Each structure stands twice: as structure tokens, then as C-alpha cells.
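The values are calculated or read from the model by the stated rules, or taken from the named source; none is laboratory data. Given the structure is predicted, the values throughout are model-derived calculations rather than measurements. Every residue, glycine as well, gets a Cβ built from its backbone with ideal geometry; the counts of neighbours run over all protein chains shown. We work out accessible area using only protein heavy atoms, side chains counted, and drop any ligands, DNA or RNA first. Shrake-Rupley method; radii C 1.70, N 1.55, O 1.52, S 1.80 Å.
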Amino acid sequence: VPDVNTDGVDDGMEDDIIGVVLQEVLGPHGSLRPIYQELVTDGGEFYEFATTVTNPGSDRQTVHPDLPHRKEAPLYVIFLALQDVSKEMGPTTFLLGTHTTKERAKFDDYAQKDAQLASAKARLALLKKGDVVLFDARILHCGNANEVEGGSTRVMFNFSFRNPKEVGDLGY
């Protein structure tokens, strides 16, 4: 993603920064275009566009999936870092392989949940400005605490695409 600085520039670009970013990422020559075409195809729906913001002192989230479990990935979510994300800023932790029916059943069973979480293959999304994480909305994840000492405001674009294989209400 380009380092776009529109301070003091009156070329209308400030009004279309979202369009510029989306073109860089998903346009005909976008860095994620091949992945998008493979996962979502041209039949996919642009589902959500938001900004995720955490401030110093923000608590850690509980581990969660974004959606009720479905057979297919209902949404593909992209986090786009708008600045370098350090450990102190509360990056997202992803629990690899937890998007499956079997792993979701463990998570939903209190007798198995603690063991599952303790043995999970966790990955911390320590990102540089412009880096992205693309994930299946079924995967278990959580935002970590943004520390008062050493933390700073973390801002990320968050956008998702609906998988055309999944129809009906997603519960979100």
C-alpha cells in the first residue's frame, strides 16, 4: 500500500483515500487481487468496511470467531495496518486451524475448550505499515490488550468479502 500523504494537498484525494487504498489492494493490478479472485471470485460481495481502533488501556478481547460456524468460509476478512503494530499496541492473536467443524465443536464444549486454547498454535499479527492479514471469519482470534506503558493508538482498516458459496443470513 502506498504511503499516501494528503496533508495540505487540495487535489480531492483526501475525499477518495478509501478508493485509492482499495484500488492498490484489490484493483486490476492490486497486490491482493489474485487471492481475491481465487477465494471470492467476481461473484463475491463487498460485505463490510470499517476501521478497528484500540487505545492505550484497552483490554484484551476474549477469544472468539466472528461468525457462527458454517460449512464454507462465509467471509474473508482483511486487516490492513495503517501503522507499524508493536506487541504493546495489542495486536491480534490468531489460533491456526480453528476454523474447522471439529475445532469449533471443541471451542463450544466447555469440557474441551481450555485444553484447546492451551494447545493452540497461536500467531501474533505484528504488522508493518501496509501489511495485511487475510483470514477466514470462522478462525478463533482476539485482540490483545493495548498497554498503557509503551502502547499507542492502533488503527487498522478492516474489510470483508462474502464467499458466494455461502447464502442466507450469516448471523452478522
**Message:** Projecting each Cα onto the charge dipole of the chain (Lys/Arg +1, Asp/Glu -1 at the beta carbon, about the Cα centre), which of Leu117, Thr92, Gln23 comes out farthest on the positive side?
**Reply:** Leu117
**Asked** Going down the list Lys106/Lys165; Lys87/Lys128; Lys71/Lys121; Lys71/Lys102; Lys102/Lys165, which pairs span over 18 Å between their C-alpha atoms?
**Response** Lys106/Lys165; Lys71/Lys121; Lys102/Lys165
**Request:** State the dimensionless ratio Rg/Rh of the stretch 44-107 (Rg: radius of gyration of Cα atoms; Rh: Kirkwood radius).
**Result:** 0.98
**Request:** Roll a 1.4 Å probe over the protein heavy atoms and report the accessible area of Glu147 in Å², nearest 10.
**Result:** 80 Å²
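Quick check for me: using +1 on Lys/Arg Cβ and -1 on Asp/Glu Cβ, what's the dipole size of the chain about its Cα centre, in debye to the nearest 20? Mind showing how you got there, number by number?
Working: 17 positive and 27 negative charges, 225 e Å.
Computed about the Cα centre, the dipole is about 1080 debye.
Under the √(5λ) rule applied to the eigenvalues of the Cα gyration tensor, what semi-axes describe the equivalent ellipsoid of the stretch 73-172? Give them in Å, descending.
Working: eigenvalues 128, 79, 20 Å².
Semi-axes (√(5λ), whole Å): 25, 20, 10.
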**Message:** Can you tell me the mean projection area, over all orientations, of the convex hull of the chain's alpha carbons? Units nm², please.
**Reply:** 11.5 nm²
**Request:** Kindly report, to the nearest 10 Å², the accessible surface of Lys129 as traced by a 1.4 Å probe over protein heavy atoms only.
**Result:** 110 Å²
**Message:** At 1.4 Å probe size, what's the solvent-accessible area of Tyr76? Round to the nearest 10 Å².
**Reply:** 40 Å²
**Message:** Run the paramagnetic zone check for Arg60: 7 angstrom along Cα to Cβ, then residues of the stretch 115-137 with backbone nitrogen under 12 Å.
**Reply:** 118
**Prompt:** Which listed residue (Thr101, Leu140, Phe79) has the Cα farthest towards the positive end of the charge dipole for the chain, taking +1 on Lys and Arg C-beta and -1 on Asp and Glu C-beta about the Cα centre?
**Reply:** Thr101
**Request:** Provide the FRET efficiency to the nearest 0.05 for the Ala122-Asp16 pair, computing r from the beta carbons and using R0 = 25 Å.
**Result:** 0.10
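Quickly estimate the mean residue ellipticity at 222 nm for the chain, helices only: each DSSP H run with n ≥ 4 gives -39500 (n - 2.57), and the total goes over all residues, rounded to 500.
-5500 deg cm²/dmol
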